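First up is the structure itself, then whatever we jot down about it.
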Amino acid sequence: MARKPKPAQFDIAIAGGGPSGRIAALTLAQQGLSCIVIAPKASRADGRTTALWQKSVDLLRDIGIWADIEGNAAPLKRMRMIDATGRLFRAPEVVFDSAELGLEEFGFNILNSDLNAVLEKSCEAQAGLAVIDDSVVDVDFGADLATLKTASGKTIAAKLAVAADGRHSRLREAADIEVRRWSYPQEAVVLNLEHRLPHQNSSTEFHTPTGPFTLVPLPGRQSSLVCVETPEGAAALLALEPQKLALELERRAHSILGAFSLASQPQSFPLSGLGAKKLVGPRLALIGETAHVFPPIGAQGLNLSLRDIFDLAAVLLAADRTHADIGSTSVLASYERKRLGDVQSRTNAVDLLNRSLLTGFLPVQLARSAGMYLAGKVGPLRRMLMREGLAPGSGFQLHK
């Protein structure tokens, strides 16, 4: 009787080939841990963009890929927030300027397709990192190893499995980790625009009764747009001919960037949220959208995911230096302790801000407007909010 081949064995097996999975793989492989990424190739180009704050940029610089990204990224120096709800209580415009914190910029905005292309190339070239075009169909979390089976019949064993396979994670489900899901009566219409006037490296977020209408700089005279609408409103926008759509979006932007023309095909996505009740399981750590999903407000999504990676890497490398088992319960508990507060606070803050735009309840309108007014008028509060938006906990530190 023929023997079954032994499974290929690694320190870490990462399910998922999006930015979170690949950045985690590069970070850990460069520290000497043997890694494998298991993910099917992307089925279509992603026309969306991602704003990366400075701590995220520092992580990409540390793993040696920022130089390949920076040329296609636009710096974000200022963020304007404009109350366009038309409601009884409205706040004045608030401007957050990176120079007020002594920074050149808050971060950079980049096309997801450009980021993904650099990550794929870097992963293929990274020593100690294997990448297979496959998907995980089953996993067994044993006492000493996690054993993953793929659609093509491969068997892979690892001391630790990292789930970066998104909101419908097969690994999270196999570990019986419960999630809380919720939805919003909103859809995000996403596209890139060319415009006549320069954006001056400033993003502008209009708060409207259906959600944010946000323009974020791209290189040259281009910006990415996230327009949050009702499902009916999103369908009406997508039904417009390109020229009429550009005119309607220019109207909603109050022509602050002049005439618009479309630079990409519009896409739409229903808005929803997800929170895993645990961030770890036996021989398993959750990162990225496997652990947390919320609306595209304040550019928190991927930045939160990269903080997952930063903290996971710190915990695993500390364990590895002392020859501890990187997949042990105690090591994973340390990762969960580091991440839970940040994940919960960001999820709750984004949810609260989004729902405050949807409600007609006057006390909530007043509270939101008062908060924006104070942010605009009170310098220490404004600077605290800026620091906290960039890195959790830093807003409450004393600064000279």
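Put a dot 7 Å past the Cα of Lys121, heading toward its Cβ, do the same for Asn201, and the two dots end up 2.4 nm apart.
Taking a ≥ b ≥ c as the square roots of the Cα gyration tensor eigenvalues, with a/c under 1.5 meaning rounded and otherwise prolate when a/b beats b/c, else oblate, which class fits region 85-206? Show your work: numbers first, answer last.
Working: a/c = 2.66, a/b = 1.84, b/c = 1.45.
Here region 85-206 falls in the prolate category.
With one equal scatterer per alpha carbon and no solvent term, the Debye-computed log10 I(q)/I(0) for region 99-155 at 0.22 1/Å reads -0.97.
Projecting the alpha carbon convex hull of region 191-313 along each direction and taking the average yields 9.3 nm². Can you tell me how region 155-195 classifies by the Cα gyration tensor, rounded, prolate or oblate, using a/c under 1.5 as the rounded cut? The shape class here is oblate.
Can you work out the base-10 log of I(q)/I(0) for region 11-88 at q = 0.12, 0.25 1/Å, using the Debye formula on its C-alpha atoms alone? The Cα Debye sum returns log10 ratios of -0.51, -1.29. Each 10 Å bin, from zero up to the one with the longest distance, holds this percent of the alpha carbon pairs of region 153-254: 12, 32, 20, 18, 14, 3.
Under a point-charge model restricted to the Cβ atoms of Lys and Arg (+1) and Asp and Glu (-1), what is the dipole moment magnitude of region 175-266 relative to its Cα centre, in debye to the nearest 20?
Values: 7 positive and 10 negative charges, 63 e Å.
Here region 175-266 has a charge dipole of around 300 debye.
Grab the other residues whose beta carbon is less than 12 angstrom from that of Asp325, score K and R as +1, D and E as -1, and report the net. Numbers along the way, then the final one.
Values: positive: Lys159, Arg283; negative: Asp11, Asp144, Asp320.
Spelling it out: positives minus negatives among the neighbours equals -1.
Over all directions, what mean area does the Cα convex hull of region 4-153 project, stated in square nanometres? Don't jump to the answer; show the numbers that get you there.
Numbers: hull surface 54.9 nm².
Approximately 13.7 nm², given one-decimal rounding.
Charge tally for Leu160 (other residues, Cβ to Cβ under 12 Å; Lys, Arg +1; Asp, Glu -1): -2. Under the combined filter of DSSP loop state and at most 13 neighbouring Cβ atoms within 10 Å, region 258-308 retains these trypsin sites (Lys or Arg not before Pro): Lys277.
We did not get these values from a lab; they are worked out from the coordinates using the rules stated. Computed from a predicted structure; not experimentally measured. Cβ coordinates were reconstructed from backbone atoms using ideal geometry, including for glycine residues, and neighbour counts include every protein chain displayed.
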